[in-house]
Amino acid sequence: MDIILLGPPGAGKGTQAERLVTNRGMVQLSTGDMLRAAVAEGSAVGREAKAVMDSGALVSDAIVSALIGENLDRIETRGAIFDGFPRTLPQAEALDLLLAERGRKLAHVIELEVDEEALVERIGGRFSCGTCGAPYHDRFKLPKVDDQCDVCGGHAFRRRDDDNEQTVRRRLAEYHAKTQPILPFYAERGILRPVDGMASVETVAAAIDSILDG
Ligand code: ADP
Ligand code: ADP
Ligand code: ZN
């Protein structure tokens, strides 16, 4: 079963994806993570993406669609969780094609609904494990043991360069202008499932589980 987690920056997509990977053996395909890996490697794509990401704008549809295509071929029959992709209508159309070519089909588009001030607060406190990428928050989700990752036991944590208030405002504006318009595309198809993303991580997770099991 392939699904999309859709929502503005900080809505909880990565947090919920990590849980689905652990509990259901699904595979998380995060274009943000793929782009950050390309930046860290210093590849041509990474060099092009870095400045765009730091500004809070969107990387080109061609680059992110190609990244998704490459990674889709590796996951075989396991269910995909698209996290942070698609973000524009051309990306949504590209995804349809990529899936159809591989005999796959979207089961659900889960929209995490959250209010804007909460997003700024969530992103301001966001950090992650430097080893496995598990997501944490200064107030809402600290590791169970101080300075030790719950998932892999690692001790190095990191914060993203683009998680500052100014860039977050730009990312939110991009979301409204370019990503929200794809909601009707999926609503018309009857696969859009809104979830209250303001609830606790556990409550949101339960709502997603009931959609996937329903
Ligand atoms: P967030 O956690 O805020 O939703 P991501 O990690 O998904 O952010 O993305 C970080 C940045 O990477 C975005 O601001 C954008 O510059 C770029 N990016 C990620 N996914 C896409 C995409 N599907 N299309 C265009 N740009 C993207
Ligand atoms: P996204 O991938 O949509 O950008 P994340 O999953 O990285 O969002 O979540 C952003 C921050 O908010 C992280 O620090 C995460 O720990 C925290 N967070 C995620 N979901 C919730 C929630 N339901 N309530 C409070 N904080 C949350
Ligand atoms: Zn870890």
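I'd like the residue in the range 165-200 that is within 14 Å of ligand 2 (Cβ to nearest atom) and within 24 Å of Met34 (Cβ to Cβ) and, out of all such residues, is surrounded by the most Cβ atoms within 10 Å (Cβ to Cβ).
Here the answer is Gly197.
For the subset of the range 1-19 comprising residues that are under 12 Å from Arg122 (Cα atoms) and touching a Phe, Trp or Tyr at 6+ places or on another chain (Cβ under 8 Å), which member is nearest to ligand 1 (Cβ to nearest atom)?
Residue satisfying both the conditions and the ranking: Pro9.
Rundown of residues vs (1) free of Cβ contacts under 8 Å to residues at least 12 places away in the same chain; (2) in contact with a Ser or Thr (Cβ under 6 Å, 6 or more places away or on another chain); (3) of a type in the set (S, T, N, Q), yes/no style:
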site	(1), (2), (3)
Met1	no, no, no
Arg24	no, no, no
Val39	no, no, no
Gly42	yes, no, no
Ser55	no, no, yes
Ile68	no, no, no
Thr77	yes, no, yes
Arg104	no, no, no
Ala118	no, no, no
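Quick one: which residue in Arg122, Arg160 is within 25 Å of Val39 (Cβ to Cβ) and within 16 Å of ligand 3 (Cβ to nearest atom)?
Working: Arg122 fails: within 16 Å of ligand 3 (Cβ to nearest atom).
Just one listed residue meets the conditions, Arg160.
Quick one: which of Gly153, Gly124 is under 19 Å from the mean Cα position of the chain (by Cα) and more than 25 Å from Asn71 (Cβ to Cβ)?
Working: Gly153 fails: under 19 Å from the mean Cα position of the chain (by Cα).
Just one listed residue meets the conditions, Gly124.
Checking the conditions here, which among Pro143, Pro184 is in contact with a Cys (Cβ under 8 Å, 6 or more places away or on another chain) and not β-branched (Val, Ile, Thr)?
Pro143
Can you tell which of Glu48, Glu70, Glu93 is at pLDDT 95 or above, among the charged types (D, E, K, R) and either assigned to a helix (DSSP H, G or I) or surrounded by 15 or more Cβ atoms within 10 Å (Cβ to Cβ) (or both)?
None of the other options fit; the residue is Glu93.
At least 1 residues that are farther than 26 Å from Thr88 by Cβ in each: list the helices (runs of 4 or more DSSP H) lying fully within the range 116-209 that qualify.
Counting at least 1 such residues, we get 116-124.
Would you confirm, using the coordinates I've provided, whether Asp213 is surrounded by fewer than 16 Cβ atoms within 10 Å (Cβ to Cβ), within 24 Å of Ile4 (Cβ to Cβ) and in contact (Cβ under 8 Å) with a residue 12 or more places away in the chain? Please lay out each step first, then the result.
Working: surrounded by fewer than 16 Cβ atoms within 10 Å (Cβ to Cβ): yes; within 24 Å of Ile4 (Cβ to Cβ): yes; in contact (Cβ under 8 Å) with a residue 12 or more places away in the chain: no.
Here the answer is no, as Asp213 does not meet what is asked.
Search the range 131-150 for residues being surrounded by 15 or more Cβ atoms within 10 Å (Cβ to Cβ) and farther than 21 Å from Ala199 by Cβ, and hand back the single one that is nearest to ligand 3 (Cβ to nearest atom).
Only one residue fits best here, namely Cys149.
Condition (residue is more than 7 Å from ligand 1 (Cβ to nearest atom) and within 13 Å of the chain's Cα centre (by Cα)) applied to the range 53-69: is it met by at least one residue?
Yes.
Being more than 16 Å from ligand 2 (Cβ to nearest atom), out of contact with any Asp or Glu (no Cβ under 9 Å at 6 or more places or on another chain), not in a helix (DSSP H, G or I) and not basic (Lys, Arg), is that true of even one residue in the range 31-42?
yes
Kindly indicate whether any position in the range 111-125 is within 15 Å of ligand 1 (Cβ to nearest atom), basic (Lys, Arg), in contact with a helix residue (DSSP H, G or I) (Cβ under 9 Å, 6 or more places away or on another chain) and closer than 23 Å to Gly10 by Cα.
No, the conditions are met nowhere in the range 111-125.
The values are calculated or read from the model by the stated rules, or taken from the named source; none is laboratory data. Since this is a predicted model, take the numbers as computed values, not measurements. All Cβ positions, even for glycine, are placed from backbone atoms using ideal geometry, and neighbour counts span all protein chains on display.
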